[in-house]
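The values are calculated or read from the model by the stated rules, or taken from the named source; none is laboratory data. As the structure is a computational prediction, the values presented were derived from the model and not from experiment. Cβ atoms come from the backbone with ideal geometry, glycine included; neighbour counts cover every protein chain shown.
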């Protein structure tokens, strides 16, 4: 490697480190305060305590919010996984004019600002009678999560050997059996990775929840947002710490599945 290449590589690593530090350093403040023994948000903390985690555990309002987030997130993930997988399979097998435009439309929820999605969804669902409630929120979160499944399954299908499906069909297997016994097992890592991203998107989402849920249907992020306005306490940071931990675990699992899928196909990660 030449001297210029070494300098360029060093600058790239330095820039990457600065960006990661900018994103991660706030967590180094949030997490310790959640273990504070004080009654207010102060840093440095006066002492260590689990009192705010105990409050989080004992208050029913936090349990209801968590249950709502889990129900909505699970249902939205199932819908998003089904729709995203079917869309990826259709786009991979078909060739038609406007395919690129259709793909762009399908992944647009990843790009369009959430405030626009939330407002448009609210007024559309209002006409359908589901403008306020967990049903509308579930459908909206499914629409937000489906593009992640489409992208991950689509990437998996790029290395999919179509000859295996043709061989199964040639041996007399009906299309449903080929899909269930051949295609789905081979693209399962992409499906699961996309489903994990869809679940994280739903579980952490706030803007759409502000539009589509009422005070009795708060999700965990909305409960945290309302808590900031009503009663600012380290309990919020305890909930935030749990959300961060959950996100890290799920993202690590998604990366493990990606590497395992690459290893199974003989590709070096």
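Per the listing 253, 246, the residue uniquely exposed (fewer than 14 other Cβ atoms within 10 Å of the Cβ), touching a helix residue (DSSP H, G or I) at 6+ places or on another chain (Cβ under 8 Å) and modelled with pLDDT of 75 or more is 253.
To keep it simple, each residue is scored yes or no on (1) touching a residue at least 24 places away in the same chain (Cβ under 8 Å); (2) within 30 Å of residue 184 (Cα to Cα); (3) in contact with a helix residue (DSSP H, G or I) (Cβ under 9 Å, 6 or more places away or on another chain).
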| site | (1), (2), (3) |
| --- | --- |
| 33 | yes, no, yes |
| 37 | no, no, yes |
| 53 | yes, no, yes |
| 61 | yes, no, yes |
| 71 | yes, yes, yes |
| 76 | yes, yes, yes |
| 88 | yes, yes, yes |
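Restrict the check to the range 161-174 and report whether at least one residue is in a helix (DSSP H, G or I) and touching a residue at least 24 places away in the same chain (Cβ under 8 Å). No, the conditions are met nowhere in the range 161-174.
Take residue 144 and tell me if it is more than 21 Å from residue 88 (Cα to Cα) and either touching a helix residue (DSSP H, G or I) at 6+ places or on another chain (Cβ under 6 Å) or not in a helix (DSSP H, G or I) (or both). No, not satisfied.
Looking at the range 93-103, is at least one residue farther than 21 Å from residue 183 by Cβ and in contact (Cβ under 8 Å) with a residue 24 or more places away in the chain? The answer is no; no qualifying residue exists.
For every residue, the table says whether it meets (1) loosely packed, with under 15 Cβ neighbours inside 10 Å; (2) modelled with pLDDT under 85; (3) out of contact with any helix residue (DSSP H, G or I) (no Cβ under 7 Å at 6 or more places or on another chain); (4) closer than 25 Å to residue 159 by Cβ.
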residue: 172; (1), (2), (3), (4): yes, yes, yes, no
residue: 178; (1), (2), (3), (4): no, yes, no, yes
residue: 184; (1), (2), (3), (4): yes, yes, yes, yes
residue: 192; (1), (2), (3), (4): no, no, no, yes
residue: 196; (1), (2), (3), (4): no, no, no, yes
residue: 199; (1), (2), (3), (4): no, no, no, yes
residue: 205; (1), (2), (3), (4): no, no, no, no
residue: 210; (1), (2), (3), (4): no, no, no, no
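So which residues in the range 123-137 are within 21 Å of residue 74 (Cα to Cα) and either without any contact (Cβ under 8 Å) to a residue 24 or more places away in the chain or assigned to a helix (DSSP H, G or I) (or both)? Passing the criteria: 125, 130, 134, 135, 136, 137.
Taking the range 215-241 as the range and being at pLDDT 75 or above and in a loop (DSSP other than H, G, I, E, B) as the test, the residues that pass are 218, 219.
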